[in-house]
1. Restricting attention to region 174-211, which residues are farther than 29 Å from residue 80 by Cβ and either within 22 Å of the chain's Cα centre (by Cα) or buried (at least 19 other Cβ atoms within 10 Å of the Cβ) (or both)?
2. Residue by residue through region 295-320, note down the ones that are under 16 Å from residue 342 (Cβ atoms) and surrounded by 15 or more Cβ atoms within 10 Å (Cβ to Cβ).
3. Could you please find all residues in region 359-378 being surrounded by 18 or more Cβ atoms within 10 Å (Cβ to Cβ), at pLDDT 90 or above and either over 23 Å from residue 172 (Cβ atoms) or touching a strand residue (DSSP E or B) at 6+ places or on another chain (Cβ under 7 Å) (or both)?
4. Of the residues that make up region 321-334, is at least one surrounded by 14 or more Cβ atoms within 10 Å (Cβ to Cβ), assigned to a helix (DSSP H, G or I) and touching a helix residue (DSSP H, G or I) at 6+ places or on another chain (Cβ under 9 Å)?
5. Of the conditions (1) surrounded by fewer than 16 Cβ atoms within 10 Å (Cβ to Cβ); (2) under 30 Å from the mean Cα position of the chain (by Cα); (3) part of a helix (DSSP H, G or I), residue 347 clears all except one; give me its number.
6. Kindly check whether there is at least one residue in region 112-133 that is modelled with pLDDT under 90 and either surrounded by fewer than 24 Cβ atoms within 10 Å (Cβ to Cβ) or more than 23 Å from residue 453 (Cβ to Cβ) (or both).
7. Restricting to region 120-135, count the residues that are in a strand (DSSP E or B) and under 11 Å from residue 226 (Cβ atoms).
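The values are calculated or read from the model by the stated rules, or taken from the named source; none is laboratory data. Quantities reported herein were computed from a predicted structural model and do not represent experimental measurements. When we count neighbours, we look across all protein chains shown, and the Cβ atoms used for this are built from the backbone with ideal geometry, even at glycine.
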């Protein structure tokens, strides 16, 4: 049995008169410079990549509050006129559908003007940020202030720190949020509910129900500030790489790295990319294989020979005091030396090395944002390339990871797409992230990519590899697979949503609510 579809807001739900009246009130609260209704003006403010041209007509207005009080006023107006709100923080949602909804009548709430770093605590290693702060912003703030702190950085570092955490990003741990609910109420989670608390962003547990997790992938409220944990800069940093020449080495890699993740020898999230996934960061597909269809085996061999890449390429980092890192390095080198023809290499840096002294490939693990991941979008076209991100998760067990890899690869290749993937590893799970690349100007490729997404997602879920991460495509495809006890989890989530946001004004970018 499929879950009951969520109600879809349309022109009937947010009629032109209501929207126009609401927009007039938004202007009164925010000022005319913070409200846009012209499609070209909206596209210019949000960015060409973020809004497909065929969806501009869905947007009634874009508004840009700059304070918590203005956010509360916006929510109050939206409730009064039943105008749905779609949150935007500069996150381009690469591969995750689009930055705008599929149905008409929405107002985009652009939170990028709320871009202050509110606090940096050196002793306890945390930062407090507003939703418009990007990873680049936070990095520059840390550097300008001379702070001896670093932050974990994802590949798409131009994204908002808050948005990244709320979308389920693995790299950062948040602690303590402030949010505006759909009724305009201002709530602080955890120890923040204690008005005199000095431990709001160091202790996640307050009294009663812990609410922070309810905000992940949900849009139950508008987060207006968030605490995120940083790390003291280490004495020494090693960027480590393992290149495996053979496809069959996947199981050996997984079995060898798991103990080091579980005992903390490796403390970051290693990324294990296949050949195509790594090559996509170097150049477009046309440079190696200008024909259509899946890249053949002989071309893959040529790519490996020309680039020095392996069929599997693992990167991770070691951090700490000199003697500790030396001991860890010796242990890891001995372990990975057991994989035939594997090449283990590393580059060593002082923990306080300046940005210009660190190679571009090593910057993200050093806490330095890099825009280089944008190259991935060019795999299927230098200016018109795009992709859908298909993410699903397996146990960090060699047999499971191998089966997961084989299933997804076969499914994508059956639909004519290269298997362009990476596994993000934690101590007990492996998240396989695949880019289904296509030329967005070729409608047949776009349709084929969506068909492949739907089919492979279903196959993975059926095999026990659950979809992971938010997506605006398909509308209820992923959630349909979370069907235990007649979709009891979704019913519970929907009950919470209806209680907190009975008018449904805060739109979720995911399929859940």
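1. Correct list: 174, 175, 176, 190, 191, 200, 201, 204, 206.
2. Just the residues of region 295-320 that are under 16 Å from residue 342 (Cβ atoms), to begin with: 304, 308-316.
Answer for region 295-320, where residues must be under 16 Å from residue 342 (Cβ atoms) and surrounded by 15 or more Cβ atoms within 10 Å (Cβ to Cβ): 304, 309, 310, 311, 312, 313, 314, 315, 316.
3. Correct list: 362, 365, 366, 367.
4. Yes, the conditions are met somewhere in region 321-334.
5. Answer for residue 347: the failing condition is (3).
6. Step one: filter region 112-133 for residues modelled with pLDDT under 90, giving none.
No, every residue in region 112-133 fails to be modelled with pLDDT under 90 and either surrounded by fewer than 24 Cβ atoms within 10 Å (Cβ to Cβ) or more than 23 Å from residue 453 (Cβ to Cβ) (or both).
7. Filtering region 120-135 for residues in a strand (DSSP E or B) gives 120-121, 126-129, 134.
From the residues that got through so far, the ones that are under 11 Å from residue 226 (Cβ atoms) too are 126-129.
Counting residues in region 120-135 that are in a strand (DSSP E or B) and under 11 Å from residue 226 (Cβ atoms) gives 4.
Rundown of residues vs (1) surrounded by 21 or more Cβ atoms within 10 Å (Cβ to Cβ); (2) modelled with pLDDT of 90 or more; (3) assigned to a helix (DSSP H, G or I), yes/no style:
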residue: 404; (1), (2), (3): yes, yes, yes
residue: 434; (1), (2), (3): yes, yes, no
residue: 438; (1), (2), (3): yes, yes, no
residue: 441; (1), (2), (3): no, no, no
residue: 446; (1), (2), (3): no, no, yes
residue: 453; (1), (2), (3): yes, yes, yes
residue: 474; (1), (2), (3): no, no, no
